[in-house]
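Scroll down for the structure; my scribbles are underneath it.
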Amino acid sequence: MFVIGEVAIDEAIAYERFACDVVKCQGACCILPGGRGAPLGDDELIELERAFPIIEKYLPERHRKAIEHSGLFESRQGRYTTACVDNEDCVFVYYENRIARCSLEKAYHNGEIFWRKPLSCHLFPIRVLFNQTDILHYEKITECLPAVEQGCRKNILLHEYLKEPLIRKFGESWYSDFQTECRRRNSIMS
């Protein structure tokens, strides 16, 4: 672990290579079995409600019915997550050529909404754990092996691949300090 500002960071985040390869993983992070969707902040609940009338047209009928029945998100012990369909698919998933894709992100890229998607999705496979300080943890899952392989082939570091969501969460200045420290750690390893 190392610390930038008041954020503790899993050492692996400085070294690991990663670049999503959705053709190979088929959007696995959006359809993981287990019934718990993406973690949400309180402010994101409002964004989901605002976006739904716009993104609804992208969703499969099964997902629209699940939302009608159970809602856009769920809460357990005061912690919110996106709702899931059949304890698997995030309700915001649609399929394109058998690849699970995010309807929120599609609407964002089409200029229909100005909020991209939940921060936890944008940051994945980095998870923000909350204690007395934020802790950034690299969540390694077998479904992301194609992303690790592609990151190695293209020599893309995880922290560089996730630059945009890290800046979204912590700001430009924090990211600059973080990147400097990651580069320093990588130069020592070389």
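When Leu162, Leu119, Leu45 are ordered from fewest to most other Cβ atoms inside 10 Å of their Cβ, what list results?
Leu45, Leu119, Leu162
Relative to the longest principal axis of the chain, what angle (0 to 90°, nearest 10) does the C-alpha long axis of helix 61-70 take?
That helix lies at roughly 90 degrees to the long axis.
Points 7 angstrom from Cα along the Cβ direction at Ala12 and Glu49: gap in nanometres?
Taking the two extended label points, one gets 3.7 nm.
If you take the square roots of the eigenvalues of the alpha-carbon gyration tensor of region 141-190 and sort them as a ≥ b ≥ c, do you get rounded (a/c under 1.5), prolate (a/b over b/c) or oblate?
Oblate, because a/c is 1.5 or more while a/b does not exceed b/c.
Anyone know which of Phe73, Phe170, Phe178 comes out most mobile in the 10 Å Cα GNM of the chain?
Phe170
Have a look at Ser173, Ser70, Ser120 and tell me which one the Gaussian network model of the chain (Cα, springs below 10 Å) gives the largest fluctuation.
The residue that fluctuates most here is Ser173.
Using only alpha carbon pairs under 8 Å that are at least six residues apart, calculate the relative contact order of the chain and give it in whole percent.
34 percent
Below 13 Å Cα-Cα, how many Lys pairs turn up in the chain? Only count pairs eight or more apart in sequence, or on different chains, if you could.
For the chain, qualifying lysine pairs total 4.
Sum -39500 (n - 2.57) across every DSSP H segment of at least 4 residues in the chain, then divide by the residue count to get the 222 nm mean residue ellipticity, nearest 500.
Taken over the chain, the calculation gives -12000 deg cm²/dmol.
How far is helix 42-55 tilted, in degrees, relative to the longest principal axis of the Cα atoms in the chain, given as a value from 0 to 90 rounded to the nearest 10?
Approximately 50 degrees, to the nearest ten.
What is the fewest-to-most order of Val85, Val7 by other Cβ atoms lying within 10 Å of their Cβ?
Taking fewest neighbouring Cβ atoms as first place, the list is Val7, Val85.
Taking 1 over the mean of 1/r across every pair of different Cα atoms in region 41-113, what Kirkwood radius in Å do you get?
12.6 Å
Among His69, His159, which comes first, then next, by fewest other beta-carbon atoms within 10 Å?
So the ranking, lowest neighbour count to highest, is His69, His159.
For the chain, find the longest principal axis of its Cα atoms and tell me its angle to the long axis of helix 145-154, 0 to 90°, nearest 10.
In the chain, helix 145-154 runs at an angle near 50 degrees to the longest axis.
Whole-Hz ³J(HN,Hα) for each residue in region 81-90, computed from phi via Karplus 6.51 cos²θ - 1.76 cosθ + 1.60 with θ = phi - 60°, x for glycine and proline: what do you get?
9, 5, 6, 10, 9, 6, 6, 9, 4, 4
To the nearest 0.05, what FRET efficiency results for Ile188 and Glu143 with a Förster distance of 25 Å applied to their C-beta separation?
Efficiency for this residue pair is about 0.20.
What is the pair-distance distribution P(r) of the chain, computed from all Cα-Cα distances in 5 Å bins starting at 0, with each bin given as a whole percent?
Whole-percent P(r) values from 0 Å outward: 1, 7, 15, 19, 19, 16, 12, 6, 3, 1, 0.
What is the distance, in nm, between label points placed 7 Å from the Cα along the Cα-to-Cβ direction at Asn97 and at Ile135?
The modelled label-to-label distance comes out at 4.0 nm.
All of the numbers you see were taken from the coordinates with simple rules; none came from a lab. Just so we're clear, the structure is a prediction, and the values are computed from it rather than from any experiment. No Cβ is skipped: glycine too gets one built from the backbone with ideal geometry, and neighbour counts run over all protein chains shown.
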